[in-house]
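Chemist: My questions all concern the structure below.
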Amino acid sequence: MADKTPFPKIRNLVQLYDLLTGEERIIVDVLRQIIKETLPAYCKEKISYNVPFFYGNRSICLVWPASVPRGGIKTGVLLGFWYGNRLKDVDQYLTHGTNKQIFYKIYQTAEQIDEAAIIKLLKEAAVLDAMFSKRK
């Protein structure tokens, strides 16, 4: 019989980090730092669907560790771009999965993180976000 303990509602990063494996914690931390340093100042981070979620005028990207249910991954940490289908992604860095809109990359170790590639995509995503008018 599978454990039916409900996953707790994550309200802050401390709660999230307490639930992650050591490697996931490092990957999430590195990705969050890159994102926060790269996105424009008007962009914000919040916990949504129990994971770090970044938005400006609209959703930009999210960081989903495998330890958090319903992310669709069994291991590692997923970096997903909300409007990945609208990014040029000239280096073909992102995976185009079954979702038509969200394109992503999954990291198993912190060493796999290609900071330059992520920064390039974040800058492109920020330009795209700036084209969306602010919702009322």
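Just so you know, all these numbers are worked out from the coordinates, no wet-lab data involved. Model, not experiment: these values are computed from the prediction. Every residue, glycine among them, receives a Cβ derived from its backbone with ideal geometry; neighbour counts consider all protein chains shown.
Chemist: Please name all residue pairs, on different chains or six or more residues apart, with Cβ atoms under 8 Å, provided the first residue is in the stretch 11-40 and is on the phi < 0 side of the Ramachandran plot and outside any helix (DSSP H, G or I) and the second residue is of a type in the set (Val, Ile, Thr) and surrounded by 13 or more Cβ atoms within 10 Å (Cβ to Cβ).
Modeler: As it stands, the answer is Arg11/Ile47; Asn12/Ile47; Leu20/Val28; Leu39/Ile60, since those pairs meet every condition given.
Chemist: Something else about it: Output the number of residues of the stretch 53-66 satisfying the condition of being closer than 18 Å to Lys9 by Cβ and either charged (D, E, K, R) or in contact with a helix residue (DSSP H, G or I) (Cβ under 6 Å, 6 or more places away or on another chain) (or both). Before you say what the answer is, go through the steps one by one.
Modeler: From the stretch 53-66, those closer than 18 Å to Lys9 by Cβ are 53, 62-65; that's our starting set.
From what is left, the residues that are either charged (D, E, K, R) or in contact with a helix residue (DSSP H, G or I) (Cβ under 6 Å, 6 or more places away or on another chain) (or both) are 63, 65.
Result for the stretch 53-66: 2.
Chemist: Also, I was wondering about something else. Given (1) surrounded by 13 or more Cβ atoms within 10 Å (Cβ to Cβ); (2) within 29 Å of Ala130 (Cβ to Cβ); (3) touching a Lys or Arg at 6+ places or on another chain (Cβ under 9 Å), identify the lone condition not met by Ile35.
Modeler: Every condition holds for Ile35 apart from (3).
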